[in-house]
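Notes for the one structure printed next.
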Amino acid sequence: MAAGGPGLEPSSNNATIPPMPKEEISFSIQGGTPLRGEVVTNRSKNGAVALLAASLLNKGTTILLNVPKIEEVNRLIEVLESLGVSVSWDDHTLTITPPETIDLNAIDREAATRTRSILMFIGPLLHHFKSFELPQSGGCTLGLRSIRSHLWALERFGVAIEAKTDHYRIEHTKLTPETIVFYESSDTATINALLAAACIPGTSVLKYVSANYQVQEVCGFLQKLGVEIKGIGSTTLTVTGISNINTDVTYSVAEDPTDAMFFIAAAAVTKSTLTIKRAPIEFLEVELFVLEKMGLEYDVTEVGTSENGITKLADIVVRPSELIAFPEKIHARPYPGMNIDNLPFFAVIATQAEGTTLIHDWVYEKRAIYYTEMDKLGAETQLLDPHRLNVMGPRRLRGAELVCPPALRPATILLIAMLAAEGPSTLRNVYSINRGYEDIAARLATIGAAVEAFEG
């Protein structure tokens, strides 16, 4: 989401989730070794957290299958439990049972402020309260991040949002179905509008919305709850809401394109032969096209559809390749363009490509600055402004000791660079990586990487 102006920027423990991390977890990496074998794509971080928010609409029991055990999910579970929601784990299955009455006064503020996903609670909570407060959201440190797209979408339903020093104040008198035009196709704003429209009787039309994978996930889930939605996968969603949702439902989280892209990038920079299984191919096709033009050799075999019946899957085999710089700037766009969360991977891939690659990270304020941390590993970058970066290649990477940036994707590209770097590396305080990737060190070890997690 693009940056905006001032003012709008941002119990019992049945789930037995890990507590808020107190000790720093770090990674030691012995790089310079090609990866080998195969890795199965993990389930979606962004899909899972959106579904946790959506579960607040349901007065019945919600069972979510294949939920990734990541810190972002843990924080939202802590928030849900503080509201009186019963949440229990069984392997990777979450069972969510709502209370008779949600207690917002008891909200876990520390957990809420550590995740931007808390914003998606606004939509469902509108159907529980006419007036309430939510803590200001956190998550990645990426400059000022406006919530105006949320405000301008929800105000059409009759909602007023006011940003205070450390919280948002949300009020409405009566929610009415509307036609809403989005000025930007924000994923989370689209989800908020969907969750609001789901329980407003009548038909709402959401135009120029995000059609990204997490939005499609929420649409599939709402359909199972009985909400009629037309236009899934397009930029216009027609939602026929129902006043009361009270049904027991089971839904499986789909595969994560950014998880698949992590391993595609890791294979590319380490010149490895690696199979990435069950990748959500429709959310990777633009990325693969760009990589093909950069010289990456790969094969794609379609293997079916995820359990949600929406997400198409394929196995991707990446082979050792001599890379060249992409002749145009590489930038993200709303789906079906390159995913904004996949863009950073091209910065590390470009370190091994002949020529100069221009990365334009126009969405997040100052995120491109973090990419220059790769220079400490032997990369050569030229920061043009807070959004644009030239990456010169190929460059021989070498091990180093670095502290993880406070942002998920910039942190992961340092880990990938360390896999390619000769000699030992240490990446300290990897909480930001653990927000989005489950057991990444152990998964890398299964494909030949020398990565160990340790405290301190």
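Read-outs: derived from the displayed coordinates by stated rules, not from any lab. This is a predicted model, so every value here is computed, not measured. Note that we place each Cβ from the backbone using ideal geometry, even for glycine, and neighbour counts take in every protein chain shown.
For a test of the definition: using alpha carbon positions, the gyration tensor, and the 1.5 limit on a/c, classify the stretch 115-215 as rounded, prolate or oblate.
Judged from the Cα gyration tensor, the stretch 115-215 comes out oblate (a/c at least 1.5, b/c at or above a/b).
Would you calculate, for the chain, the mean residue ellipticity at 222 nm contributed by helices, counting each DSSP H stretch of 4 or more residues as -39,500 (n - 2.57) and dividing by all residues, to the nearest 500?
Computed ellipticity for the chain at 222 nm equals -7000 deg cm²/dmol.
Give the order of D187, D108, D248 when sorted by the count of other beta carbons within 10 angstrom, beginning with the fewest.
D248, D108, D187
Could you tell me the number of lysine pairs in the stretch 45-252 with C-alpha atoms less than 19 Å from each other, where the two lysines are 8 or more residues apart or belong to different chains?
Close lysine pairs under the 19 Å cut-off: 6.
Summarise the long-distance tail of P(r) for the stretch 45-252 by giving the % of C-alpha pairs beyond 22 Å.
43
Using DSSP, restrict attention to beta bridges with both residues in the stretch 364-456 and report what percent are antiparallel, rounded to the nearest 5.
Roughly 55 percent of the DSSP beta bridges within the stretch 364-456 come out antiparallel.
Quick check for me: using +1 on Lys/Arg Cβ and -1 on Asp/Glu Cβ, what's the dipole size of the stretch 45-252 about its Cα centre, in debye to the nearest 20?
Dipole magnitude for the stretch 45-252 comes out near 540 debye.
Taking the Cα centre as origin and putting +1 on Lys and Arg beta-carbons and -1 on Asp and Glu beta-carbons, what dipole magnitude results for the stretch 128-244, to the nearest 20 debye?
120
Which one of Q223, S185, I70 has its Cα pushed farthest toward the positive end of the charge dipole of the stretch 45-252, where Lys and Arg give +1 and Asp and Glu give -1 at the Cβ?
Ranked along the dipole, the leading option is S185.
What residue among T270, G84, I281 has its Cα farthest toward the positive end of the dipole of the chain, where the charges are +1 on Lys, Arg and -1 on Asp, Glu, each on the Cβ?
The one lying farthest along the dipole's positive direction is I281.
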